[in-house]
1. Arrange the peptides 106-118, 202-214 so that the one whose residues have, on average, the most other Cβ atoms within 10 Å appears first.
2. Would you mind putting 176-182, 98-104, 232-238 in packing order, based on average other-beta-carbon counts within 10 Å, highest first?
3. Would you calculate the separation in nanometres between label points at N196 and D76, each defined as 7 Å from the Cα along the Cα-to-beta-carbon direction?
4. Using the crude model of +1 on Lys and Arg Cβ and -1 on Asp and Glu Cβ, and no other charge, please compute the dipole size for the stretch 157-248 relative to its Cα centre, in debye to 20.
5. Sort the following peptides by mean Cβ neighbour count (other Cβ atoms within 10 Å, averaged over residues), highest first: 140-153, 75-88.
Amino acid sequence: MAKQKRRLRPWVLPAALFLIGMLMAGLVALGVWAVAQADLSGGQHLELKTYSNFYGGTGDTPLYTVCIDAGHGGDDSGAVCYETGRVEKDDNLTFALLLRQELRGIGIGVVMTRTDDTTLSLEQRVAIAESTNCDLFICAHRNSGNGVTGGVEIWIDDDMNTWEMFLGSNIMTRLEQVGIQENLGVKGGSAGEQLNVDYYVNSHTSMPSCLLELGYIDNVEDNSLFTRYQVQYAEATAQGIAATLDQMIQNGALEVRRETTE
């Protein structure tokens, strides 16, 4: 006698397809999670956050402007890595131009103290920011030391102004997420031996400001990180700036500062 074929119950096939679909969705979710984790380490691009609307009510004119100062330039080379011939003024300008691009991309206006290999005095740099009534001032530098010391530090006024602390901390946090050799801190004053002496561009600008030391130019690892992640460093800095502007907007601090400087 021939055996009868066993027929599947009508619910079995839909259930199997459902389970397969759930498994596939789980694998996709796991992949998304892995990418998200990678984006917070190893120098990957950071997710662009949504901040206040930086544009005006009509047109494409930014409501807020940042002055970017590429340190040194022209006759002033800044620090030099003599083993490789790397020159600070060039790294500063490269980073400043990348930062300009990132800020413009999220609707923040930019004023540059220099866009080429130009010699500028400290007084001229400050005058550019003041004459254009910028809301924040960012000065880009590379550090130098003994070839062993490495890491990123950010300098603000010695009085540790609240908004400058926000600015420095917001930038540093995001640079760490990209990947730096060491967080050397947000510091008040300057690296000189004299106490309570600020960097000129910090002490003579009326808007909140900070001076970025983006790694040591005579440190092999810092140079490797800067070369590899300079675009991501610019993205991270732009996001730190945007976060600070957003905090100042919500607090009303930008409007107050503008009223006092008009």
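1. Packing order, densest peptide first, comes out as 202-214, 106-118.
2. Those peptides, ordered most packed to least, come out 232-238, 98-104, 176-182.
3. Result: 2.6 nm between the two label points.
4. 280
5. The packing order, highest mean first, is 140-153, 75-88.
Rule-based calculations on the coordinates, nothing more; no lab input. Being a predicted model, the structure only gives us computed values, none of them experimental. Cβ sites come from the backbone with ideal geometry, for glycine too, and all protein chains shown count toward neighbours.
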